[in-house]
1. Just checking, which of Y414, Y379 is part of a helix (DSSP H, G or I), within 25 Å of the chain's Cα centre (by Cα) and among the aromatic types (F, W, Y)?
2. Looking at F189, F146, F177, which one is touching a residue at least 40 places away in the same chain (Cβ under 8 Å), aromatic (F, W, Y) and more than 21 Å from I52 (Cα to Cα)?
3. Can you pull out every residue in the stretch 83-126 that is within 12 Å of the ligand (Cβ to nearest atom), closer than 23 Å to E218 by Cβ and either not assigned by TED's automatic domain parsing to the domain that holds P23 or not aliphatic (A, V, I, L, M) (or both)?
4. Among the numbered conditions (1) touching a helix residue (DSSP H, G or I) at 6+ places or on another chain (Cβ under 8 Å); (2) assigned to a loop (DSSP other than H, G, I, E, B); (3) more than 15 Å from H61 (Cβ to Cβ); (4) away from the ligand (no atom under 16 Å from the Cβ), tell me where I188 comes up short.
5. Which one is nearest to the ligand (Cβ to nearest atom), of the residues in the stretch 23-49 that are assigned to a loop (DSSP other than H, G, I, E, B) and over 20 Å from D119 (Cβ atoms)?
6. Restricted to the stretch 127-137, and to residues that are in contact (Cβ under 8 Å) with a residue 60 or more places away in the chain and surrounded by fewer than 18 Cβ atoms within 10 Å (Cβ to Cβ), which residue is farthest from the ligand (Cβ to nearest atom)?
7. Being at pLDDT 95 or above, surrounded by fewer than 16 Cβ atoms within 10 Å (Cβ to Cβ), in a loop (DSSP other than H, G, I, E, B) and away from the ligand (no atom under 16 Å from the Cβ): is that true of T176 here?
8. If the requirement is being assigned to a loop (DSSP other than H, G, I, E, B), touching a strand residue (DSSP E or B) at 6+ places or on another chain (Cβ under 8 Å), of a type in the set (A, V, I, L, M) and under 28 Å from F111 (Cβ atoms), which of these qualifies: V167, V224?
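The values are calculated or read from the model by the stated rules, or taken from the named source; none is laboratory data. Please read these numbers as outputs of a predicted model, since none were measured by experiment. Positions of Cβ are generated from backbone atoms using ideal geometry, with glycine treated the same way; all protein chains shown enter the neighbour counts.
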Amino acid sequence: MNTNKTFKTVEKNGKKYNFLALPGTGFFKFELINLYGSNIERVIENKTAKNIYGISHFIEHLSFKSPVDFTSDELMNIGRNEGVFNASTNHDRINYWFKTTASNIDTAINFVCNVAQNDLTKISQDEFNIEKDVVYNEAKRGQDNFQQMFYRDVKTKLLDYHIEDNVIGIPETIDTFTLQDAIDIKNIFLSHENIMYNITYDNTIIDENQIIEKIEKELARFKVSSKQTYKVSHKEYQEHLKLPTNKTLKVQNNSKQAMTSIVMDGVENTLVMSATLNYLSQLATDTSLNDIIRIKNGLTYGIQFRTQIISYKPYITFACDVTRGNENKLLELFKESINLSANNFSKDKYDKYMKTMSLKRTIGNLNLASYEIWFGFNYIQAKDLDPVRQILENNIDDGYKFVHSKIISYVQMYDAIQNIKQLVNNDKFAKVYN
Ligand SMILES: [Zn+2]
């Protein structure tokens, strides 16, 4: 038996299972990611002129109501007492997960399948109305949070989507949804093949084939109705995805802070880019974005500089809020910092940074959940893991070493930094502000 922590992807019967083995932990987590998200609402609006913006997130809520095997109360009691669970929705996906101990594997798989595969047909009108009020109030609460609204609207504005096409939608439209609308759209989510299964398990207790068998057996119990109101092909779905272009746009927002979001198209390799952005934002001594914008000028409480998925493609995103009047200064300092860090970058800086990365990994991996980062890389751009997959299948800790020395090499990181410098100096980015 392999006593190392490992990561692997297994394809079986057209399904993709990603396995993170954490031996000796007695832990189990099952996550199902439906790779159609609220993008589906745009497809339907184009087909039928019907405004259903916000319904995918509402469907995520409804999926916890009256599933096949349980009443809503029974399901909640399992969720409360036998593990930890959650779900979330964005434009590109809806995910559902349950984590627990290895003695509850069957419960975890049964719980997630009941929720994710819930076709909503057992839900009563009363139950529907109450949950609609919940989501209606969630949307209203969001509208009071100006910063949250701004970042929610950035993508909508950049991609020139309908103003309500921001995942959560607006209360007035949510109020018009019927139970039949929800059933019809859920049927689309259940009728396509683009699903990802992420499993964290203890391989000293159960092996991956036994887990796949359990999942397949469970999934087979949930039949999808062939009575479809909307037929959406994968091609049609993809045709309604848009990618950002480099332009500057203002969004209406009543925040007292001036927010700026910058989106750049420059991710060649997600592993290299995540290390590069971490360096540029935090760890480049004296010249990082955090050093220049926050520590030396006090312009903000904090900055974000990271990769973000838009229409299944990774982008570099910078986000920062400053006191009104400081917007131009922010942009100046952003450019100054990137240029200084890029011009100073050397083999010596690289070696020091990699030493720090390795040290932080040792500290970070005390929390075993940090190994789940491999699910994240695999989701963002699976092909980037290909050169290291064989090593990960045998020992993740060796995989880190390979990634840090071979994939995130000095040359790769140098190129990534110079590329970002070029993009920044030539204003090759999209900018959204309020
Ligand atoms: Zn919600």
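1. Only one candidate qualifies: Y379.
2. Residue meeting the stated conditions: F146.
3. Once the filter is applied, which keeps residues that are within 12 Å of the ligand (Cβ to nearest atom), closer than 23 Å to E218 by Cβ and either not assigned by TED's automatic domain parsing to the domain that holds P23 or not aliphatic (A, V, I, L, M) (or both), the stretch 83-126 yields N86, S88, T89.
4. Checking I188 against (1) touching a helix residue (DSSP H, G or I) at 6+ places or on another chain (Cβ under 8 Å); (2) assigned to a loop (DSSP other than H, G, I, E, B); (3) more than 15 Å from H61 (Cβ to Cβ); (4) away from the ligand (no atom under 16 Å from the Cβ), the one that fails is (2).
5. A49
6. This residue is E127.
7. Spelling it out, T176 is indeed at pLDDT 95 or above, surrounded by fewer than 16 Cβ atoms within 10 Å (Cβ to Cβ), in a loop (DSSP other than H, G, I, E, B) and away from the ligand (no atom under 16 Å from the Cβ).
8. So the residue among V167, V224 that is assigned to a loop (DSSP other than H, G, I, E, B), touching a strand residue (DSSP E or B) at 6+ places or on another chain (Cβ under 8 Å), of a type in the set (A, V, I, L, M) and under 28 Å from F111 (Cβ atoms) is V167.
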